[in-house]
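Worksheet for the structure shown next.
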Amino acid sequence: MLLGWVRSLLPVGRGHSSLLCWPQGFHLSGTVTEPATATEPEMTYKVAISFDRCKITSVTCGCGNKDIFYCAHVVALSLYRIRKPDQVKLRLPISETLFQMNRDQLQKFVQYLITAHHTEVLPTAQKLADEILSSNSEINQVHGAPDPTAGASIDDENCWHLDEEQVREQVKLFLSQGGYYGSGKQLNSMFAKVREMLRMRDSNGARMLTLITEQFMADPRLSLWRQQGTGITEKCRQLWDELGALWVCVVLNPHCKLEEKSCWLRQLRKWGEMDVCPLEDGNYGNELPNITNALTQSSSHNQDSLARPRRTVFTRAIEGCDLHWQDSHLQRIISSDFYVSPSYQREGESLLFNSQGQPLWLEHVPTACARVDALRSHGYPREALRLTVAIINTLRLQQQRQLEIYKHQKKELLQRGATTITNLEGWVGHPLNPIGCLFLTLTEACRLEEENCLEISDTGDSKPPVYQHVPVATGSQDSGESYLSLALEVALMGMGQQRVMPEGLYAQDKVCRNEEQIIARLQDLELDPVLVQTLRKQCILLLEGGPFSGLGEVIHRESVPMHTFAKYLFSALLPHDADLAYKLALRAMRLPVLETTAPSGDVSHPHHLVSVVPSRYPRWFTLGHLESQQCELASTMLTAAKGDMLRLRTVLEAIQKNIHSSSLIFKLAQDAFKIATPADSNSDTTLLNVALELGLQVMRMTLSTLNWRRREMVRWLVTCATEVGVRALVSILQSWYSLFTPTEATSIVAATVMSHNTILRLSLDYPQREELASCARTLALQCAMKDPQNCALSALTLCEKDHIAFETAYQIVIDAASTGMTYTQLFTIARYMEHRGYPLRAFKLASLAMTHLNLAYNQDTHPAINDVLWACALSHSLGKNELAAIIPLVVKSVHCATVLSDILRRCTMTAPGLAGIPGRRNSGKLMSTDKAPLRQLLDATISAYINTTHSRLTHISPRHYGEFIEFLSKARETFLLAQDGHIQFAQFIDNLKQIYKGKKKLMLLVRERFG
């Protein structure tokens, strides 16, 4: 955009190249005008660029750009010179121009220069003049003078311009933002720039990485994290991993000089020895013991774990410094596509070639893959491809030999049911990312030209990459293989490798993340017939692979689970080979670390397995995530098996055997129910039955354990059983004791089943309704017997329409009343009885409730007061006999004077027996307080007032005097109900005056009110 605004170009230089008419080194300066915008005026900037042997070695621009990348003005000036060289006139270096001038011309030149820029150069000009005129000055000890326009000497080092200070400042700024404001993305962008430099074989790549690392090591958070013993944050940890991986790439540069490698090694060791240097496994401080020592903790093992070498993020790069590229076999592999063994040497075993004569590269796999990454990163894609093919051929051979070994040991391993064989170092989640490296190297060779891009951005491409099959270049007979099929094969090999779970939260989390990254890339591949064939072949090998495969028949107890990987394989295989897809996914369902080590007893009830993680080191920090992935795999299979009873039954058995979390099984049950009951079509009976069976298992698992979702689970099960049909409801009602607590069974299950909505939903005929009602009543009675306190009322409600059942429920309540039931429960049932029209039964229950109650003198706000008043009102309405029966119970249970006086007042207001019980006569006369039964109540009330008065006077304060006088007024009203009440009250007052004469002010108030 700025190209047309470049003006006043002045190129100066010397030292012509033999190929071009331009010098090897020159200085280019000019002005670039940035056109005006709606908000900014037109701006002109002075730009100067120095070139040396086709590289920009320094830049200056008046815009003051503060970035590690060139500003738009530098780019515009450079492009102008590239695209319009004929319009840029070359001039000699300034030193040669000055040489051609005489003394007068030189003086005129200097004076004009100073005049033109006197404010900027005059102080410097005066200083230089003073030094030149001084014979002893340093400037006079050197022959000649510098010329910035002359370019560098042919022997001088030349490298692209890199503003080191700006790199330091930017990295420091991004790190200080702590992952906020997109700083992580910015740092990843800088790492990508380093990779780009390495690929262009620009020596600034290592320089820039050194500057970045120095700032990373100076991050003040490192010492803070170390002091606190906390791990580095995940985002920051990923940046450190990339930093370590980049250093491995740098030191493995196949064409670096020995002195460069020695310098890097010294620097890496220096960083690695610093206390704050992050460790490879992400832990600070207390290291967890090695997995092989985890089972028996002894002092010798602890010493072994402490003696393990400290591995930092730079350790692999330090080890990489010992690697070289001089091996003749390796050189031949990476140099030619046609390197094969002679045909006469192809018989028997060979460490260098396979039976087809293709070269092998027998090296520690992650190290060999690091070589591939280094070749790819340093701009040697063909060489990287050749080494990748050799590594894959080696992995194939190892896979074949492991299969043969397993066949000889198969019988013994299957009998034992477990294996001690596993890889302690997994390829997925490895710091060097070997599988991801091989996959990227192969797929990059297969991307269509317009899509070709070596770097994958953090945010991902806007649309998935498009690949094509590119035949593998090989010197042997045409194998028909493509780099794309190899990419799929090596990804499946690596993901399917049986490996032990690494130690530490970060390492375990990295395994999960790396697995998801590889699967995301696999999902970009469009599975054509060639790739499907590769997929099927590799899946069969993984299933048959024994202990060397994570999907083999026997695996180590602490082997990394294959659920995420198997979910991808299942979805990919299902359209092409359903039997293989299910076989593989069902095998992957296991999670042996959660299996109890004790021999399994009742295999038919897998829900009896206890979901407990054994006490062990290292801990499985990601266990929750792994279990959720296991659940996802099961859900995927259930969805796919909809309508196929045989497959659903097999998946159900796998779930019941392998999943030990009730919450996850409940989620599966809900998923199955949702899929089985679509809104726009009929329900799928087979999947509904599976959902119900899973729900029943959840009920059994959570029956005796606390689970905050239990109520939701019970309600859901009833909904599911309703959807299945009346037989399912009858079944859960009949077997309630193994599924629900008595309270759940009566208040939720039976109540919902007997609701009007359920009957309408099922469109039941009369016999079906009766059958359900009979089951619900039987359940209600059983629950009432087992837990009368919580189930009696529900049982009575459920049995209302059946006389015999209702009587039985009532008798259960009566029998339990004297032992296990509280007055609150009994009062509630008594009120229910009155509401249903059984006042005499209500009275009996209220009487029983009164025997459990005790109201103290000061409990005048007790919640049971309303129940007591109701019980007395009920007795009064029934007649004199019932009132006479309840008053002794009231007197015995209630000691609160105000409550007793309230009862007494209510009983004297109306005549008893107003309930109108058939067969009884109502006299219509008010009851006297001088006769039984109210006489007893009156005496008890007066006695309660006297006792309460003495109790209150013991600790009374002056601010309560007025309240106390009102209390005595109420007491007088009660005293006056007796024939000699006024005499009793006067004696009572006199007695108070005598006993409490010390409380003069209070007694004065008593005299004023009562004489």
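Taking Cα atoms only, the orientation of helix 865-878 departs from the longest principal axis of the chain by about 40 degrees. In the assembled protein chains, T954 presents an accessible area of approximately 90 Å² (probe radius 1.4 Å).
Along the charge dipole of the chain, which of S485, L239, A776 sits closest to the positive end, that is, farthest toward it, with unit charges on the beta carbon of Lys, Arg, Asp and Glu (+1, +1, -1, -1)? It is A776, whose Cα lies furthest towards the positive end.
Taking only DSSP H segments of four or more residues, each worth -39500 (n - 2.57), what value at 222 nm results for the chain once the sum is divided by all its residues, to the nearest 500 deg cm²/dmol?
Working: 40 runs with 558 residues, N = 1011.
Mean residue ellipticity at 222 nm (helix-derived): -18000 deg cm²/dmol.
Here is the link list: K185/K235; K583/K642; K172/K235; K463/K510; K235/K270; K463/K567. Which ones come out longer than 21 Å on Cα distance? Over 21 Å Cα-Cα: K463/K510; K235/K270; K463/K567.
Here the relative contact order of the chain, from alpha carbon pairs under 8 Å that lie six or more residues apart, stands at 5 percent. Across segment 692-709, rounded Karplus estimates of 3J(HN,Hα) from the backbone phi angles (6.51 cos²θ - 1.76 cosθ + 1.60, θ = phi - 60°) give 5, 5, 5, x, 5, 5, 4, 4, 5, 5, 9, 4, 10, 10, 6, 8, 5, 9 Hz, Gly and Pro being marked x. Protein heavy-atom accessible surface, 1.4 Å probe, per residue over the chain: 51 Å². For the set L98, L696, L573, solvent exposure ranked by accessible area (probe 1.4 Å, protein chains only) runs largest to smallest as L98, L696, L573. Sequence-ordered 3J(HN,Hα) estimates for segment 627-641 from the Karplus curve with 6.51, -1.76 and 1.60 and θ = phi - 60° stand at 5, 5, 5, 4, 5, 4, 4, 4, 5, 4, 5, 4, 4, 5, 8 Hz, glycine and proline given as x.
Students often forget the sequence filter, so: which lysines lie under 28 Å Cα-Cα from K786 once same-chain residues fewer than 8 apart are removed? Result set, ordered by chain and number: K801, K844. Listed by chain and number, the aspartates and glutamates placed with their C-alpha closer than 19 angstrom to that of K46 are E34, D67, E120, D163; residues fewer than eight positions away on the same chain are left out.
Between the amide H of S482 and those of V472, distances stay under 5 Å, these residues lying 5 or more places away or on another chain, with hydrogens modeled in the peptide plane. Shown in residue order for segment 901-906 are the 3J(HN,Hα) couplings computed by the Karplus curve 6.51 cos²θ - 1.76 cosθ + 1.60 at θ = phi - 60°: 5, 5, 4, 4, 4, 5 Hz (x for Gly and Pro). Placing unit charges on each Cβ (+1 for Lys and Arg, -1 for Asp and Glu) gives the chain a dipole about its Cα centre, and among V32, V372, Q508 the Cα reaching farthest toward its positive end belongs to Q508.
Keeping every protein chain in place, order V110, V74 by accessible area at 1.4 Å, biggest value first, i.e. largest first.
Values: V110 70, V74 5 Å².
The most accessible residue leads, giving V110, V74.
Annotation: amide H of N423 within the under-5 Å range of R499, V500, sequence separation 5 or more or interchain, hydrogens built in the peptide plane.
Distant-in-sequence amide contacts of V894, defined by a placed amide H-H separation under 5 Å and a gap of 5 or more residues or a different chain, comprise L855. Taking packing as the residue-averaged number of other Cβ atoms within 10 angstrom, the listed peptides 679-686, 876-883, 752-759, 725-732 run from highest to lowest as 876-883, 725-732, 752-759, 679-686.
Only one residue of T443, L853, Q697 has its Cα farthest out toward the positive end of the dipole of the chain, where Lys and Arg carry +1 and Asp and Glu -1 on Cβ, and that residue is L853. The Cα-based radius of gyration of the chain, divided by its Kirkwood radius, gives an Rg/Rh of 1.20.
The values are calculated or read from the model by the stated rules, or taken from the named source; none is laboratory data. Since the structure is predicted, the reported quantities are computational estimates derived from the model, not experimental observations. Using ideal geometry, Cβ is built from the backbone for each residue, glycine included, and neighbour counts are taken over all protein chains shown. Note: accessible area is taken over every heavy atom of the protein model, side chains too, but ligands, DNA and RNA are not part of it. Shrake-Rupley method; radii C 1.70, N 1.55, O 1.52, S 1.80 Å.
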